[in-house]
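A quick write-up on the structure given underneath.
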């Protein structure tokens with residue numbers, strides 16, 4: 001399997017983890033991500049490493065990154081990564 005094919009195999013795992021984490025409230029994200037989360041998941045009988053990190057915690061929003069790889073080298077040197085922004089409900093919009 002090429003590096004490109006391996007990275008594409010990680011995509012469904014990344015999408016599932018993005019969906020899981022982006023569904024959480026700001027309060028829960030802050031609590032869960034007080035420290036970076038690093039854990040392993042199994043998908044289609046294969047194990048994947050997931051890392052979730054709080055990149056920014058501003059007065060208006062949280063910025064969270066989710067990365068996935070399978071631990072293989074050299075592909076895992078650059079995990080497949082995405083991020084999302086969760087607006088804080090009590091933040092005022094400036095115009």
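The values are calculated or read from the model by the stated rules, or taken from the named source; none is laboratory data. These numbers come from a predicted model, not from an experiment. As a convention, Cβ positions derive from the backbone with ideal geometry for all residues, glycine included, and neighbour counts pool all protein chains shown.
If the condition is being crowded, with 20+ Cβ neighbours inside 10 Å and under 20 Å from residue 43 (Cβ atoms), then the range 59-69 contributes 66, 67, 68, 69.
Could you count how many residues in the range 28-75 are in contact (Cβ under 8 Å) with a residue 60 or more places away in the chain and assigned to a strand (DSSP E or B)?
Number of matching residues: 0.
If you go through the range 3-24 and keep only what is farther than 14 Å from residue 52 by Cα and touching a residue at least 12 places away in the same chain (Cβ under 8 Å), you end up with 3, 6, 7, 9, 10, 11, 12. Within the range 5-49, being in contact with a helix residue (DSSP H, G or I) (Cβ under 9 Å, 6 or more places away or on another chain) and surrounded by fewer than 14 Cβ atoms within 10 Å (Cβ to Cβ) holds for 44, 46. Under the condition of being at pLDDT 90 or above, part of a loop (DSSP other than H, G, I, E, B) and over 29 Å from residue 2 (Cα atoms), the residues counted in the range 76-90 number 1.
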